[in-house]
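The structure appears right after this line, and notes come after that.
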Amino acid sequence: MTAGRRPERSGAADLDAPELQAVVAKAYAAIAEPESFVALLGEMIDADEKLGGIGSLADMHFANAEAIFDKVYPLAEADYGSMLSHLENDLECDLALDPSFRVLMVNTRVFDGLERDAYAPEWLFDPVLRDSDMARLRRAAEGDERLFLRLFTDPDDDAGRWFSAYRVPIGGVHIIALQAVRLRWDERNADAFRAAFELTETETALFRHMVTGGSTREFAEMRGRSVGTARNQLKALQKKLQINSKEQLLLLYAGFISSLDPVTEKDPIEHVCANLYCNPDGLTIAWEEQGDPEGLPVLFFHALEGPLLTPKVEREAVEAGLRIIGPWRPFYGGTSGVKQGPGSPEEFAGRLAELLDHLEIERCTALGTQAGTPFLAAFAQAHPDRLNRTIAAGPFLPIVESEDYRFLQTRQRTHFRICRIAPGFARVYMRAMLASMGTGEFHRFVEDYYDNCPRELATVQRPDVVRNFRRAANYVLPRGRMGPGDTMLTWSAQWGHLLEGLSERMMILLGSEDANTPTEFARLSAERFGLAEPILIPDAGSFLIEDQPRAVFEAVRATFDA
């Protein structure tokens, strides 16, 4: 029996328990909003504790919900270019509101006193223009017009600040994104603007004053003129520029300045794996070639999100003279699988030896990270003669005893326990997460899993990491969801036997701030399985290869030098 898991029970009375029925009902209801599955994790744990174990009682319902997800959110038709790991970074705005003016995201460096999920307070708007500004924002959420309006950044702000407002479609809802106008009066660009529109000295001075946030009253005082004169001058300038408002004036200047910069195309997320091996039995392995093509061979066992390296990591691999061979795991993309679950790593290990033969590689160093660790260990067990050494960098390690849960962060512990006590619910939760990748709500799953893990959250929010998430999702998910499902079933199982006997052949590199595998748990695991003491890498978290790629690749390179 898997350690830490209670015996399953059966019986209609248990299935009719109110606690379990409530979770089942909410699981069906949550299909309309996949992100709402995040809140169900805690309720599922509570139900398991109250009932003394859930087991497979509700698996039929969860399997049915999973099938409905497949129909409502077909993965082959999703737009993974909209996948967000963090709303703020991807929207690149200072404030995001839904059509009912609920705060979805706020830049606290700009606003003081706004809270996420609360409704916009009255002090945010100009008291005189509140109703009209809110009406304008509602129209902006329905159309493609970008508008300018003045908002106040805290309850004591008397001056206000100009913001650009525009709509962003996320998950079928048009979000109102507001970006603070950060226009600088650059003399070089100003000369080009003045020449293009043939502005006089007074018109240029007035235009500059408006762009930098001034008012007509202030301009009048500066020039020793009446407010009426300044207003007339502004009207004359607007007529000359063929615009009707101060908002259009700001938009004209912003558009003119941006036109001076070269246009760049949107970064594509499509990914095509150019390498595919097929063995005599018709089973395939797709793999990525990264790093130095002529470098020393490293077999890379990837995390949940796939083997694609960010540019920073690949540069370090090239610098270290390493050829990173990253096979996609079973059921990922072009790699075929035999059967999902705990036996997958050992089955895959046999085929990887065939891949090395195909590539004419006799020996290599094996490098694995996070959920790739069971596959790394299985290969090390099966083919010690093909390896210099095995390096687990930021690994996931098996939960053997129920007491091991105490080492994990609260949210990681919850996810791990769900996979063991209710695998049916875990599968539909995974399916809801995959659906969220195409609806723009993926960030809610990410923020939940890395709650109270600021280093890990910062890594998965980096633009280069998000880009690889999107590329991997675009390659893997249209071909099916079994890859991520196989990962979930594998890392949550009791796979400790794969680590036994590796002894000094496996090196564990661990970030000093790893939230998934805390130092104390890594040391306990090393002692439990007879492995060498983990080597701590400072200033690094769970994403060790992303945080400190040079330290990791130096350790890899040393296995060849030895």
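The values are calculated or read from the model by the stated rules, or taken from the named source; none is laboratory data. Here the structure is a predicted model, which means the values were calculated and not measured. Neighbour counts run over all protein chains shown; Cβ positions are idealised from the backbone, glycine included. Ligands, DNA and RNA are excluded from the accessible area calculation, which covers all protein heavy atoms including side chains. Shrake-Rupley method; radii C 1.70, N 1.55, O 1.52, S 1.80 Å.
Before moving on, here are some points about what is shown:
- Residue pairs meeting the criteria (Cβ under 9 Å; at least 6 apart or on separate chains; first within 20 Å of PHE416 (Cα to Cα), in region 449-468; second surrounded by fewer than 18 Cβ atoms within 10 Å (Cβ to Cβ) and of a type in the set (Ser, Thr, Tyr)): ASP451/THR410; ASN452/THR410
- Among residues that are in a helix (DSSP H, G or I), out of contact with any helix residue (DSSP H, G or I) (no Cβ under 6 Å at 6 or more places or on another chain) and crowded, with 19+ Cβ neighbours inside 10 Å, ASP385 is not included.
- Verdict on ILE535 being open to solvent by 20 Å² or more (accessible area, probe 1.4 Å) and modelled with pLDDT of 95 or more: yes
- Some residue of region 439-455 being of a type in the set (Ser, Thr, Tyr), in contact with a Phe, Trp or Tyr (Cβ under 9 Å, 6 or more places away or on another chain), more than 16 Å from ALA39 (Cβ to Cβ) and open to solvent by less than 20 Å² (accessible area, probe 1.4 Å): no
- Residues located in region 32-76, provided they are open to solvent by less than 60 Å² (accessible area, probe 1.4 Å), of a type in the set (A, V, I, L, M, F, W, C) and without any contact (Cβ under 8 Å) to a residue 24 or more places away in the chain: ALA67
- Qualifying residue in region 548-558 (condition: surrounded by fewer than 20 Cβ atoms within 10 Å (Cβ to Cβ), outside any helix (DSSP H, G or I), touching a residue at least 24 places away in the same chain (Cβ under 8 Å) and out of contact with any His (no Cβ under 6 Å at 6 or more places or on another chain)): no
- Residues in region 19-47 that are more than 23 Å from ALA67 (Cβ to Cβ) and modelled with pLDDT of 80 or more: GLY42, ILE45, ASP46.
- Yes/no for THR264 being more than 30 Å from ILE325 (Cβ to Cβ), among the polar types (S, T, N, Q), modelled with pLDDT of 90 or more and open to solvent by 40 Å² or more (accessible area, probe 1.4 Å): no
- Of all residues in region 106-133, those that are at pLDDT 85 or above, in contact with a strand residue (DSSP E or B) (Cβ under 7 Å, 6 or more places away or on another chain) and over 22 Å from LEU252 (Cβ atoms) total 10.
- The set of residues in region 390-413 being surrounded by fewer than 19 Cβ atoms within 10 Å (Cβ to Cβ) and either over 17 Å from ALA526 (Cβ atoms) or among the charged types (D, E, K, R) (or both) consists of GLU401, SER402, GLU403, TYR405, ARG406, GLN409, THR410, ARG413.
- Matching residues, region 419-429, being buried (at least 24 other Cβ atoms within 10 Å of the Cβ) and part of a helix (DSSP H, G or I): PHE425, VAL428, TYR429
- Test: ILE545 is among the hydrophobic types (A, V, I, L, M, F, W, C), within 23 Å of MET433 (Cβ to Cβ) and buried (at least 21 other Cβ atoms within 10 Å of the Cβ): yes
- Of all the residues in region 352-404, those that are hydrophobic (A, V, I, L, M, F, W, C) and farther than 18 Å from PRO518 by Cα number 17.
- Tally, over region 499-514, of residues that are over 14 Å from HIS383 (Cα atoms) and either open to solvent by 10 Å² or more (accessible area, probe 1.4 Å) or in a helix (DSSP H, G or I) (or both): 7
- Failed criterion for MET222 (all others in (1) open to solvent by less than 80 Å² (accessible area, probe 1.4 Å); (2) aliphatic (A, V, I, L, M); (3) modelled with pLDDT of 85 or more; (4) part of a helix (DSSP H, G or I) hold): (1)
- Applying a threshold of 8 Å to beta carbon distances and a minimum spacing of six or more residues, or different chains, the list of pairs starting in region 523-535 at a residue that is more than 24 Å from PHE553 (Cβ to Cβ) and in contact (Cβ under 8 Å) with a residue 12 or more places away in the chain and ending at one that is open to solvent by less than 20 Å² (accessible area, probe 1.4 Å) and in a helix (DSSP H, G or I) reads LEU524/ASP404; ARG528/GLY496; PHE529/GLY496.
- Residue count for region 99-118 satisfying the condition of being part of a strand (DSSP E or B) and loosely packed, with under 14 Cβ neighbours inside 10 Å: 1.
- Among all residues of region 196-212, there is at least one that is at pLDDT 85 or above, hydrophobic (A, V, I, L, M, F, W, C), crowded, with 17+ Cβ neighbours inside 10 Å and more than 30 Å from ASN107 (Cα to Cα).
- With a requirement of 2 or more residues that are open to solvent by 40 Å² or more (accessible area, probe 1.4 Å) and without any contact (Cβ under 8 Å) to a residue 60 or more places away in the chain, the strands (runs of 3 or more DSSP E) lying completely within region 270-380 that satisfy it span 276-278.
- Taken as a whole, region 482-494 holds at least one residue that is over 16 Å from the mean Cα position of the chain (by Cα) and open to solvent by 50 Å² or more (accessible area, probe 1.4 Å).
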